[in-house]
1. Can you tell me how many residues within the range 105-159 are buried (at least 18 other Cβ atoms within 10 Å of the Cβ), under 20 Å from Ala207 (Cβ atoms) and of a type in the set (Ser, Thr, Tyr)?
2. Could you tell me which residue of the range 827-852 is farthest from the chain's Cα centre (by Cα), considering only residues that are of a type in the set (Gly, Ala, Ser) and assigned to a helix (DSSP H, G or I)?
3. Restricting to the range 548-564, what's the tally of residues that are closer than 29 Å to Leu365 by Cα and either surrounded by 19 or more Cβ atoms within 10 Å (Cβ to Cβ) or modelled with pLDDT under 95 (or both)?
4. Going through the range 945-958 one residue at a time, which ones are buried (at least 17 other Cβ atoms within 10 Å of the Cβ) and out of contact with any Phe, Trp or Tyr (no Cβ under 7 Å at 6 or more places or on another chain)?
5. So Ala389 ticks every box in (1) free of Cβ contacts under 8 Å to residues at least 60 places away in the same chain; (2) under 30 Å from Asp577 (Cβ atoms) but one. Which box is left unticked?
6. Among (1) surrounded by fewer than 20 Cβ atoms within 10 Å (Cβ to Cβ); (2) within 27 Å of the chain's Cα centre (by Cα), there is one condition Glu414 misses while meeting the rest; what is its number?
7. Of the conditions (1) at pLDDT 95 or above; (2) outside any helix (DSSP H, G or I), Lys790 fails just one. Which one is it?
Amino acid sequence: MAQNQMQQVKQSILLTLSPDPNLRKPAEKFIEQCESQDGFSKVLLEILEHSGEEITLKLSAAIVFKNFIRKYWAYKDDSIADRISLADRNYIKSMIVDLMLRSDEQIQRQLIEAVSIIGREDFPAKWQNLLGNMVQRVKEACSSYNFIVINGVLQTANSLFARYEYEYKSEELWTEIKFVLDAFAQPFTELFVWIVKLVPEHMNNPANIKIIFNSLYHCAKIFYSLNYQDLPEYFEDNISIWMSHFVELLLIDNKSISRGNKEEASVLENLKSQICENVGMYAEKYNEEFEPYLAGFIQQIWNLLGSLNNEVRYDLLASNAIRFLSIVAERGVHKEIFEKEQVLNEISSKIIIPNMEFRECDEELFEDDPEEYIRRDIEGADVYTRRRAACDFVKALAKHFEKPMTDVFSRYIESMLRSFAANESQNWKSKNAAIYLVTSLAVKGGSVRLGTTSTSDLINISDFFANVIRPDLERPDINQLPVLKADALKYIITFRNQIPLKEVIIPMMPQLIRHLSTPIIVIHSYAANCIEKLLTLRDPAQKSLTLVKPDDIQPFILPLIEGLFGILQHPGSSENDYVIKAILRLLSLLRERLLPYFNVILPKIAEKLNEVSKNPSKPNFNHCIFEIVGLSVRIACESNPKAVTSFEPIFFPIFQNILVQDVQEFMPYVFQIFSQFLEMYSNSNEAAPEPYLELFAFLLMPPLWEKPPCIAPLSRLLQGYVRNCSKQIVSMGKLEPLLGVFQKLIASKTNDHLGFNILNYLILFTEPTALSSMMKQVFFLIFQRLTASKTFKYVKSLIVFFSIFIYKYGAKALFDMIESIQANMFSMVIEKLFIADGQKVTGNIDRKTVSVGISKLLTDLDDQFLTGSLLNLWAPLLQTAIAIFELPEDTSNKNEEHFIEIDENSTGYQACYSQLSFAKNSQYDPIQDIPDPRIYLAQNLSKISQKHQGRFNPLINSMDPGAVDILKKYCTIANVSIY
């Protein structure tokens, strides 16, 4: 990259911050173009290095650099040239650590993340000096007490090693951890001890002690990462050093660094919280080694909990401290600590109930940030909350002391419910805590997705619902005591598998629907979520079927539609994930029963789609909208493919606008729905209208194919065009550009199968004369890639392609084509591809295609196989065909799509291609005219055996006896003989 572009890069980086899209978008495009040029990363680093640049520019450049590294450092698709050259990579690694340690805190944070990304790919094998460099920098920094460098190194180490907490065990991982421990464990421990010794002399200096505690906090986090996979020998040998200092740090009380802030945890509280997490890990995983220290930590953490009030800043510390006690209680090693009734009473009154109580901050969250409240309360994001920790503590204690725990808590529950009954408006928090206690005691197993799967025999779920929960749902005022309304709905969500469906839940449906109309976001979201969860209850007898049947919901269709769509009119719920998922489940369950309501549903969905396309911000919500469109098309067109024309006037203008405005988040979805539309025209044997043809040239534009999320849906869309419009494609002169797309795709290990999908459709639906002049070049490209970079996926795709080519043009055409490229190569194709890997092809249609292709090879090339080098391959090839026939059929049930969790598919934009479950392409069967390929094989073998009587029987008998018996069975079924 030329140095004279430096000024333009600076200006463009600043313009990317502009709120004016007319300035911002061209700047973003320019930066994107620069990314493909060598030296771009050097320019960014020079901006960061230059002390005279303004902080806004430097911070923006740091973010651009970090995102550039994230996008391209680990890019593995070999269809695109490496965006970062080897020279640039080496330059970055030589500069970034020193630059990071010299930078301001905000910029340092971005560069630390960049180092972490590079480290994930290159460390340690391609960046062996990284750790040594960091250790050396720390040693130099200690001599000058330079904590900017010390903390920079510690944060970098923490970001590098954090992945050890979630990586799967492997030899490669063990090797890396050993490398890290050998180079880092000892100097790291020495650094930790050195920093701890600084604490006493700086306790009265708030600025210094804060920096020191921050360093110790990073040390504690690194300790957790390095010890997570297994207990390293070094840390086992030095366990007393770490544990004694952890105890020492837990005892520290320094109010000066957190005085006056009740909301935000101080660095000391974060440090103590991490220590609780560390010793909790040791108690859970390394019991034998930790046993000598366990009693001391139980005492210290118990005392620590007693010193904490209910201020928000102590939340994480309290939850980690309680979690440590939960781990100890669940293991049951120290039962004597917990089993006394007095202790259980003390635990209940001083730890569990106070930390379960609904606090003022929870009330504020309920009202002011309902989305976060919901995320914590029903989505399982409350992992680090006091209430979740207290609930887990109850479950841990109940594991060993279920009866005494239930007895103790029953008294508290009765007391809290009496308090509520005495003054409902004042004491509703008592009932809230009682419900949480019951839930904690009752739930023994389950998940957010499945609900509760096992419960305590000592708690009657249905009676508690009838006596305590139901009255809150039946209150005439749907806005009265809103938190208890939410609790009641959550109770149904939690125990949906235990509360009788037909007797209790279905009759309660009008109450659930009634709560959709409240303006309170938490309540109407819970009501929608409750309905959605009920619609996905599985029938215990037939797991692929729903427990709630369409007849159960039929009386409530209109109120449900009105209630759910009504929520989307509320400003705070205009893009409500729970509501849109409930609409999708309703559509999936009722299907054609909703057709009379499409004139209401589809315009509302189109209106919402048009609205969110202007500023896509909720990935799951938007994914569901497109799922609803796809499912609606499928439902309407199942019996009448021509019904697709009723969707085009509604959605075509919106889709066109998305493409014109380059709304990248939505383009993969639009291509999938366009594909669905086109496939409906193919199913009805009608030509696609002119607007589709006008779009075709746009789909071949190279920039589109540079966007990974677009590649798969674009490939499918091109298949639809080839199937429906092949003559128009040829007449428009677009066949060669289309083959250019195929060439680009098969050069990629990631996308080669998509290239073959397009090529297969070209073979099936394009006039042979149109392809004939290009076919030899196509085969040349295919073999070139096979020679240069053979993968199992590529081979399977190639075998299917050869089989389709054989079916369409004949086995002799394949033989002649391959031999024209290289003499005697056909025998290698048979031996190294069909025989070696033919039976590994997966999918019922692909297996059928390959089996018919092999059958035609065996019977149409009889003259070639009976002479020369191919003779010895005939019997093994026949045995391969039989092996394919005998593979078990793929029986995956399409009903499973009703139960798909949308969150699993679409975790965000642009990271990957998000397949629409309800707009999938039903795979086309190119061999429709051959219903049973086994009979087809037997009949064709019979014919050629008559032509060459006695020649094939010795070859057949040379196969495994089992294969011979199976072939005889095929002949019996086909009522033929082999002579």
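1. Selection size over the range 105-159: 0.
2. Looking only at the range 827-852, we keep the residues that are of a type in the set (Gly, Ala, Ser), and these are 827, 836, 838, 843, 851.
After this cut, where a residue has to be assigned to a helix (DSSP H, G or I) as well, the list is 827, 836, 838, 851.
Working: Ser827: 44, Ala836: 35, Gly838: 32, Ser851: 36 Å.
Applying the filter and picking the extreme gives Ser827.
3. Total meeting the criteria: 3.
4. Correct list: Phe952, Ile956.
5. With respect to (1) free of Cβ contacts under 8 Å to residues at least 60 places away in the same chain; (2) under 30 Å from Asp577 (Cβ atoms), Ala389 is out only on (1).
6. (2)
7. Here Lys790 meets the rest and fails (1).
Residue-wise test of (1) modelled with pLDDT under 90; (2) over 30 Å from Leu586 (Cα atoms); (3) assigned to a loop (DSSP other than H, G, I, E, B).
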site	(1), (2), (3)
Tyr913	yes, no, yes
Ser922	yes, no, yes
Leu937	no, yes, no
Leu941	no, yes, no
Ile944	no, yes, no
Ile956	no, yes, no
Ile966	no, yes, no
Cys971	no, yes, no
Ile978	yes, yes, yes
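The values are calculated or read from the model by the stated rules, or taken from the named source; none is laboratory data. No experiment lies behind these values; they were computed from the predicted model shown. When we count neighbours, we look across all protein chains shown, and the Cβ atoms used for this are built from the backbone with ideal geometry, even at glycine.
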